[in-house]
């Protein structure tokens, strides 16, 4: 199966992972990796979960499905909303039945549910600075040398971007939209600082687009590069 095929299989699942991002996620999970689990933090309704399971063969998907942190206007928990997400998530796993182990917990509480090192980590959990930094630090710290970490909403969410600024011991590989890829290997700090700084214009653009959308100026946001078919810059 190719990355394009995986993106097509995952497309019916609601979510914010674009087709191009799904292809990058698939490629990272399908290539040779160090020993260790493939772990996803933040599954929502399963779009990225399906891609990872098809590429890697198995994935541990961590999501409390509490109805919280679903977007800028949906931060607080909502049990009914969370249960609906959970039911949709289970339905959408049909193409990868038996390849996904779901841990319905907050990521901070789920470390005991994953044994040993991690070979690939996909982070799309809470986007506030505190939880995002904890995911990158605590779960990222479990990624084996030579392993990969992919972070969604990088250089788009303020909280996630500030958390990325605290990363040490990672090499920034690049991004597809707001999906950033990091490799667990040494890299000169000044080089990484320069790579981070090079993404700040993209970050500023995305923040400006979000401000315009919230202010009801979507057409202005589209002039800055927002996809007319997308609700938000991803």
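Across the chain, the relative contact order, built from alpha-carbon pairs under 8 Å that are at least six residues apart, equals 16 percent. Computed from label points 7 Å out along Cα-Cβ, the spacing between residue 166 and residue 128 is 1.4 nm.
Sorting 133, 171 from the fewest to the most surrounding beta carbons within 10 angstrom yields 171, 133. Spin-label model, residue 90/residue 227: points 7 Å from Cα along the beta carbon direction are separated by 3.1 nm. Spatial offset of region 88-115 relative to region 126-190 amounts to 21 Å, using the alpha carbon center of each. Taking square-rooted eigenvalues a ≥ b ≥ c of the alpha carbon gyration tensor, is region 106-200 rounded, prolate or oblate, where a/c under 1.5 means rounded and, failing that, a/b exceeding b/c means prolate? Because a/c hits 1.5 or more and a/b fails to exceed b/c, region 106-200 counts as oblate. DSSP beta bridges confined to region 3-188 are antiparallel in about 35 percent of cases. Which shape class, rounded, prolate or oblate, goes with the chain when its Cα gyration tensor gives a ≥ b ≥ c as root eigenvalues, a/c under 1.5 marks rounded, and past that a/b bigger than b/c marks prolate? It is rounded, given that a/c, with a ≥ b ≥ c, falls under 1.5.
Among 51, 151, 103, which comes first, second and so on when ranked by fewest other beta-carbon atoms within 10 Å? Intermediate results must be reported in sequence, preceding the final value.
Values: 51 31, 151 28, 103 20.
Least to most surrounded, the residues fall as 103, 151, 51.
For 43, 58, 157, which order do you get if you count the other beta carbons within 10 Å of each Cβ and list the fewest first? Can you show the working numbers first?
Numbers: 43 31, 58 13, 157 25.
Going from sparsest to densest Cβ surroundings: 58, 157, 43.
Between residue 218 and residue 31, the modelled label-to-label distance comes to 3.7 nm, taking each label 7 Å out from Cα in the direction of the beta carbon.
When a/c is below 1.5 the answer is rounded, else prolate if a/b is larger than b/c, else oblate, so apply that to region 43-165 with a ≥ b ≥ c taken from the square roots of the Cα gyration tensor eigenvalues. Note, shape of region 43-165 comes out oblate.
A full extension of the chain between residue 173 and residue 78 corresponds to an added length of 30.6 nm, given 0.36 nm per residue minus the alpha carbon distance.
Each value in this text was obtained by applying a stated rule to the coordinates, not by laboratory testing. Predicted model, so just to flag it, every value in this text is computed and none were measured. Glycine also receives a Cβ, built like all others from the backbone with ideal geometry; neighbour counts cover every protein chain displayed.
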